[in-house]
Amino acid sequence: MEKALLMIILLRIFSGSVDITAAMLMYKFNDLEKAFYINTLLALVGPCVLIITTGIALFGLAEKISITRMVCLFAGIVLILVSLKAE
């Protein structure tokens, strides 16, 4: 198995574990304000994992993908993140 693929898998397992842990904490606290705060923290984790896993994949595929395609992929990610902040 390629190292890049293994890293992506491990990051996604970590991300899923964080989501499940957050859900359990929300259930344990049983408070809407605390659940909202926990959910806000999750909003930081998701984009970070997306950017890191995409970077790892592109680094692993650097020999197979043209530089133009890489730039387009990262531009797409940036546009997704910008659209999340747009009103």
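The values are calculated or read from the model by the stated rules, or taken from the named source; none is laboratory data. Just so you know, these numbers come straight off a predicted model, no measurement behind them. Backbone-built Cβ (ideal geometry, glycine too); neighbour counts: all protein chains shown. Only protein heavy atoms, including side chains, enter the accessible area calculation; ligands, DNA and RNA are left aside. Shrake-Rupley method; radii C 1.70, N 1.55, O 1.52, S 1.80 Å.
A count restricted to segment 42-74 and to residues that are aliphatic (A, V, I, L, M), over 21 Å from Lys3 (Cβ atoms) and modelled with pLDDT under 90 stands at 5. Among the residues of segment 10-37, just one is of a type in the set (S, T, N, Q) and surrounded by 13 or more Cβ atoms within 10 Å (Cβ to Cβ), namely Ser15. Going by the structure shown, is Ile9 at pLDDT 95 or above and either in a loop (DSSP other than H, G, I, E, B) or among the aliphatic types (A, V, I, L, M) (or both)? Yes, satisfied. Filtered by the rule that a residue be outside any helix (DSSP H, G or I) and of a type in the set (S, T, N, Q), segment 48-87 gives a lone residue, Ser66. Selection within segment 39-87: residues that are within 29 Å of Ala22 (Cα to Cα) and in contact (Cβ under 8 Å) with a residue 40 or more places away in the chain. The member of this set that is most open to solvent (accessible area, probe 1.4 Å) is Ile52.
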